[in-house]
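The values are calculated or read from the model by the stated rules, or taken from the named source; none is laboratory data. Please read these numbers as outputs of a predicted model, since none were measured by experiment. Note that we place each Cβ from the backbone using ideal geometry, even for glycine, and neighbour counts take in every protein chain shown.
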Amino acid sequence: MNVLEHKIDVDHNAASDMIQYVTVVIGGQLFGLPISQVHDVFVPESVTRVPMSAPEVQGVLNLRGRIVTAINMRRRLHLPPLEEGQMMAVGIEYKHESYGLVIDTVGEVLTLSSSSEEPNPSNLDRRWAEISGGVHRLEGKLMVILDVDRLLGSMFTEPSVAA
Amino acid sequence: MDDLLREFITETNESLDVVDVELVKFEQEPNNATILDNIFRLVHTIKGTCGFLGLPRLEGIAHAAETLMGKFRDGAPVTQEAVSLILISIDQIKDILGELEAGEGDEPAGDDSELISKLEAMSAKADAAMAGEGAEADAEVAPAEADVAEQEPERALRPGEVSLDELERAFRETEIEVETVEAEVVETQEITAEADKPAPAEEPAAAPAAADVKSAAKAPVKKPDGETGEKKSSGGGVSNKSIRVAVDTLEHLMTMVSELVLTRNQLLEIVRRHEDSEFKVPLQRLSNVTAELQEGVMATRMQPIGNAWQKLPRIVRDLSQELEKPIELEMIGADTELDRQVLEMIKDPLTHMVRNSADHGLEGPETRRAAGKVEKGTITLAAYHEGGHIIIEVRDDGAGINVERVKAKVVERGLATEADVDKMTDAQIHKFIFAAGFSTAAQVTSVSGRGVGMDVVRNNIELIGGTVDLRSTPGKGSSFIIKIPLTLAIVSTLIVEAAGDRFAIPQLSVVELVRVQTNSEHRIERIKNTPVLRLRNKLLPLVHLSQLLGIYEGEHEEEAINSDNGFIVVMQVGSQTFGVVVDGVFHTEEIVVKPMSTMLRNLGMFSGNTILGDGSVIMIIDPNGIASAMASHASSSVAESEEDEQEGLQSKATSGQSSISLLLFRAGAPEPKAVPLSLVTRLEEFEVSKIERSNGRDLVQYRGALMPLVYVNEGDRHKTEGTQPMLVFSDAGRSMGLVVDEIVDIVEDRMNIEVGSERPGVLGSAIVKERATEIIDLGFYLPQAFEDWFMRKEMDIASLTKKVLFVDDSSFFRNMLTPVLKAAGYDVTTCTGPQQALDLLEDGEKFHAIVSDIEMPEINGFEFCESLRRDPRFRQIPVLALSSMVTPASIERGRQAGFDDYVAKFDRPGLIAALKDVFSGEMGAAA
C-alpha cells in the first residue's frame, strides 16, 4: 500500500531531476525499478507452468482477472533458486501487456537524484549488464537500476509474425 | 474532434470505398449511366459536406474530380487515363482524411494544386473531345449545372442548423436515389427522362424508398444535415431499421459477455460439487440466458465477408495495368458473415493471395491465347459456410503450379534433397509453396516475390486457428482453400491432464476419446517401441502429451505410455489423425480465449490461454502445433532408434555429463589404450591366414572389399597364428581395421585427459578404471589406411574459407573434433568455454559458424546461444549444438534457444553434414 501512497507524491516531484525507485532484492542484491513502471506488488500464487517457454518464464497467473506472465528474476540473472520463504512479484506493463517480475522481497521507495547514477562498471557480468540501466551509489550499498525495456525486450526472440 | 466531424470521416471513408469499386466497374462499362450517377452523387456529397464543415483542401480536390466526372456524365468519352486520375484524387482524399482523423479534426496543410490542375486539364480535354457530340448531352447538362450552382455559397453552419438550401438539396438528392432504384428495378427506363421531372412532386413517395436504397446499395448517403434526414424518415412513417454503433462499444459488450460466461462457468463448477443444490434450477436458467446473450452479441459482431473484399477490385485493376494482363475479378458469396475480428485478420492474407494469383498464377495474354484460353484471366473469390467454419476460396484459371519449378527451387533452397523430392507426390510438392522464404517468381516484381510470401499468409491464417490448402491442375489453374473458424472469442474445449498440469484442447479437432485398459477392446500395441492404437481397422500413431510438451517427469521418456491404462484423445488436424495420450480427462468447458503475451507467442504448441472456472490459468493447446510436433516427434524417434542399434554393443547408453563409453584394448605395449566406443563400427576377429599382403601392406577381404589394416605403433606385426582381433572403423563405404593385441573391456567413465601428448596418434592420458590409459587419436590413423580419408566429399572449396568457432569445455572433444573439422576443410578456432568465446567475438573476431557443447559449467550451451541471439551483431551467425543428450525435448529446447541444428556428440558425419547444411542454406539465401 505504501507504494501507492508514494505514487501520488511522484507527481509533485516530477519537475526536478529526482527519480523515485521501488527497490527490490534479488539474491541479496538491491535493484531499483522506476516507480512509474511498477503497477502493483503481489504474491505470485497458483502459477501455471508454460511448457517449452524460455527457462526464465515461471508461468502465467491470474491477477484480478488479467493473465500475467511471470518472469523469475533469479533465473533471469542466473542465480540459484530461493531456498525458502515466499517469493514476491512486482507487476509491470510492457507494450500494453502485463508481466510480473518474481523477486525475493520488495523494499522501500527511494527518491534519488540522477547525479548519483553511474553507468555499468565495465567488468559487470554480461548477463547482468544486459538488463542493467546503471548503478546508484547509496550509503553502504549499490543499487542496480533494472531496465525493464531491455530486460523484457531481449526476451522476445523475434518479432511476432502477426505484427 | 466533434461528433459531426467524426461521423463525416466514417461516412466519407465508407463512401470512398464504394467509389473505388464503382469506378472500376465504370471503367469497364463506360456507358452505364447508373454507375456514373452513383459515383457522381457520392463525390458530390463529399464535396458538399467538406464545404459545410470548412475543409477547403478536401473540397478543392472533390470539386475538381466532380467537374471531371460531370463531363463524363455529359457524354465525354471515358478514358483509362481519366479514371486513373480520379482514382488518384480519391486516394489523396483518403490520405487527407486519415491525417484529419489523426490530427483531431485539423485539416493538414498541403498543396494539391498540381493534382487539381491535372484534373482541370483533363476536364478541358474531355470538353474538347465532347465538342463534336455535344448535342446529345443537352438533356443532362441542366441538372448537373444546377447542382454545381447551388454548391458555391456554402457557409459554416452550427451543428444542427440547417439552411434552406441544404433542405432543398437533400430533397433533390433523395430524388436521385429514387431514380437509381427505379433504374435498377426497371432496367429499360431511361434515366434522362426521369431527371427532367420536377423534384418537389416526388418528395413524399421518395423518402421511404430512399431508406431502403441506403441499405441495399451499401452506400449510405447521409447528408450532414442528418437530423433533416431522420425527421423526414419518421415523417414518412418508416423508422430506421439500423443504427450505427461504435466498434468499441461492441468490443466492450463482448468482453463483458465473455466475463459473464466465465462467471457462469465458475458457478456451474461450484454447483457440480454440491449434488442437490437449490441453485441448480435458477442456474440452469442463467446458463441458458447467458448462452443466448452470447449468441446475440456474437451476431452483432458478424459482418459480411464482402467488407474484406471491398478493396480488391481496385487492387486487381491496378495490378492488371501494371502487369499488362487483363484480369477479371469474380466474387461469390460476399454476404457470407463472419466475426469481424476474424475478418480483420484475413484481410491482408486475402489481399496477398489475390496479388499472388494475379502475379504468379495468371499467365500473360499471349501465353493464354497460345494455350487456347480467353485472353482475360479470371480470379474467383468464393466464400461459404461449412460446419462451424467458413471456407474461402481464391481461385485463378491460370497455368497452375509448375511442379518442376517448385522442385528445382526446393532443392536449390535446401529444403529437401533431390531424392526426397522425387518420391513426393504433387500435393506434397505444392505444400512447399508455404515454406518460409519460398517464392517461385523468377523475377522479383514490385507486386510480389519479396521473400515474404505464402509462409506469412499461412502463419496468419493458422494464428486464427484456420488452415490453408492448395489444389492445382496444370494448365487449368490453382486454388487456395482457406478454412477458418466463425469466431475466435469463445471456444469449446476439453480439459485434460498431463504430467500434473491441466491443458485445454479445442474440441473442434477432437474426434473421439478412447479409454484403454489392459483387458478392454482397445489396447496400446507397439511396433518396435513405437506405440500405436488399433482403432476400427486403422492404426493410430500415439504420443504422450507430456512428451510432446517436453514436461515428462519420469526417467525414461519412452515409458510415458506404458500402463496400458490411460485416455487417448483422438485428434484430427487437416488430413492427419493421431492419438494424444493424457493422464486424465476432466470435462468440457466453454472458454474465452485470451491471447498469450507477446513473449510466449512464439510457442507453436499453444494458441492462447484463459482463466478457468476455479480461477487458475490454463494453456490452450494449438492443434496445428501439436500436429506438426507429432510429425517431427515421429521422425526423431526413428533417428533415435537407429542410434540405439548402433550402440547395441554398448553396455549402457551414454548419459550424463561427459561420461562416455570407452573401449579398452591393448596393442603393442602392456598399458591399456582406449577409444570412444561410439567411433568404433564393429569389433572383428579374423583368422590370421585371411590376412593378405599386397602392395607393401596388410589387407583382409571384408564384406566384399579390401580393408587395409593399420597398426598402432609403426613396426608392429599381426599375430602369427590363431585369430587376430581388430577394431573396424567405417565411414562412407570405406573401412579400416586397427590391429590390436587384445580387447580388454568396455567401460563407462568420465574422460578427462589429464596429460596431453606430443606423440602422434595419442591424444593424451586419462584415468580410466583407476589406471592411466592412453586415449588414441583416430584422426591420426584413418589417413594411414586411405590417404584421402578426410579429403573426399567432405572437402569442398567453399568450406576452406569458412571460419568455425568450436566451444567445448572438455579437452577430449576439442582434441577429437578439431582435427575432424579441420580435415573437412574448416578453419577452426577452439574455446574452452562460452565466456572465452564471447570475449573473442567481442574483440571483433569473425566466424562463419559456431559449434557449441551443451553441457558446460557456469554458462551452458543454451544460455550461450540465447545470449548470442539477443545480440544483434551475432544474431545471424549459425550456431550448432553438440550434445551427448539427444532427446526430442532437448532438441526442442535447443531450437528455442536459437540453435540452427542439434547434433549428437559422436555423430561425426552428422556434424559435418550439419555444418554443410548451414553454409549451403546461407548461400542459398544469399543467392
- Residues of the range A:133-158 being within 17 Å of the chain's Cα centre (by Cα) and either within 14 Å of chain B (Cβ to nearest Cβ) or surrounded by fewer than 17 Cβ atoms within 10 Å (Cβ to Cβ) (or both), in sequence order, are A:Gly134, A:Leu142, A:Asp147, A:Val148, A:Asp149, A:Arg150, A:Leu151, A:Leu152, A:Gly153, A:Ser154, A:Met155, A:Phe156
- Query: With respect to the numbered conditions (1) over 39 Å from the mean Cα position of the chain (by Cα); (2) in contact (Cβ under 8 Å) with a residue 40 or more places away in the chain, which one is the sole condition not fulfilled by B:Ile35?
  - Reply: (2)
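Is it the case that the range A:60-68 has a residue that's surrounded by 15 or more Cβ atoms within 10 Å (Cβ to Cβ), away from every other protein chain (no Cβ under 11 Å) and not polar (S, T, N, Q)?
So the first thing to find is which residues in the range A:60-68 are surrounded by 15 or more Cβ atoms within 10 Å (Cβ to Cβ), and the list is A:60-63, A:67-68.
Those still in the list that are away from every other protein chain (no Cβ under 11 Å) too: none.
Checked against the condition, which is being surrounded by 15 or more Cβ atoms within 10 Å (Cβ to Cβ), away from every other protein chain (no Cβ under 11 Å) and not polar (S, T, N, Q), the range A:60-68 yields no hits at all.
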- Would you mind stating whether B:Ser651 is at pLDDT below 80, hydroxyl-bearing (Ser, Thr, Tyr), within 39 Å of the chain's Cα centre (by Cα) and surrounded by fewer than 16 Cβ atoms within 10 Å (Cβ to Cβ)? no
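Can you find a residue that is outside any helix (DSSP H, G or I), outside the structural domain of B:Ser479 (by TED's automatic domain parsing), surrounded by fewer than 19 Cβ atoms within 10 Å (Cβ to Cβ) and touching a helix residue (DSSP H, G or I) at 6+ places or on another chain (Cβ under 6 Å) anywhere in the range B:268-286? Break it down into steps so the answer makes sense when it comes.
Pass one, the range B:268-286, residues outside any helix (DSSP H, G or I): B:274-279.
Imposing the further condition that a residue be outside the structural domain of B:Ser479 (by TED's automatic domain parsing) reduces the set to B:274-279.
Restricting the remaining residues to those that are surrounded by fewer than 19 Cβ atoms within 10 Å (Cβ to Cβ) gives B:274-279.
Pick out the ones that are also touching a helix residue (DSSP H, G or I) at 6+ places or on another chain (Cβ under 6 Å) and you get B:277, B:279.
Scanning the range B:268-286, I find at least one residue that is outside any helix (DSSP H, G or I), outside the structural domain of B:Ser479 (by TED's automatic domain parsing), surrounded by fewer than 19 Cβ atoms within 10 Å (Cβ to Cβ) and touching a helix residue (DSSP H, G or I) at 6+ places or on another chain (Cβ under 6 Å), so the answer is yes.
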- Message: Can you tell me which condition B:Leu329 does not meet? The list is (1) outside any helix (DSSP H, G or I); (2) in contact with a helix residue (DSSP H, G or I) (Cβ under 9 Å, 6 or more places away or on another chain); (3) within 30 Å of B:Met298 (Cα to Cα); (4) not small (Gly, Ala, Ser), and all the others hold.
- Response: (3)
- Answer with yes or no whether B:Ile551 is over 20 Å from the mean Cα position of the chain (by Cα) and either modelled with pLDDT under 85 or charged (D, E, K, R) (or both). yes
- Select, from A:Leu110, A:Leu82, the only residue that is more than 13 Å from chain B (Cβ to nearest Cβ) and either over 27 Å from B:Asp501 (Cβ atoms) or within 14 Å of the chain's Cα centre (by Cα) (or both). A:Leu110
- Enumeration of residues in the range B:859-884 that are within 25 Å of the chain's Cα centre (by Cα) and facing another protein chain (nearest Cβ under 8 Å): B:Glu866, B:Arg869, B:Arg870
- Message: I'd like to know if the range A:29-49 contains one or more residues that are buried (at least 21 other Cβ atoms within 10 Å of the Cβ), among the hydrophobic types (A, V, I, L, M, F, W, C), assigned to a strand (DSSP E or B) and facing chain B (nearest Cβ under 10 Å).
- Response: no
- Item | Selection from the range B:73-91 of residues that are in contact with a helix residue (DSSP H, G or I) (Cβ under 6 Å, 6 or more places away or on another chain), within 20 Å of B:Ser15 (Cβ to Cβ) and not aliphatic (A, V, I, L, M) | B:Arg73, B:Ser89
- Going through (1) under 30 Å from B:Gln836 (Cβ atoms); (2) crowded, with 18+ Cβ neighbours inside 10 Å; (3) more than 13 Å from every other protein chain (Cβ to nearest Cβ); (4) not polar (S, T, N, Q) one by one, A:Leu124 fails only at (2)
- Message: I'm checking my understanding of the structure. Among residues of the range A:116-135 that are outside any loop (DSSP other than H, G, I, E, B) and touching a residue at least 24 places away in the same chain (Cβ under 8 Å), which one is nearest to A:Gln20 (Cα to Cα)?
- Response: A:Glu117
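Can we say B:Ser678 is outside any strand (DSSP E or B) and at pLDDT 75 or above?
Values: outside any strand (DSSP E or B): yes; at pLDDT 75 or above: no.
Considered against the rule, which asks whether it is outside any strand (DSSP E or B) and at pLDDT 75 or above, B:Ser678 comes out as no.
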- So how many residues does the range B:370-401 have that are outside any loop (DSSP other than H, G, I, E, B), in contact with a helix residue (DSSP H, G or I) (Cβ under 7 Å, 6 or more places away or on another chain) and within 13 Å of B:Arg471 (Cβ to Cβ)? 2
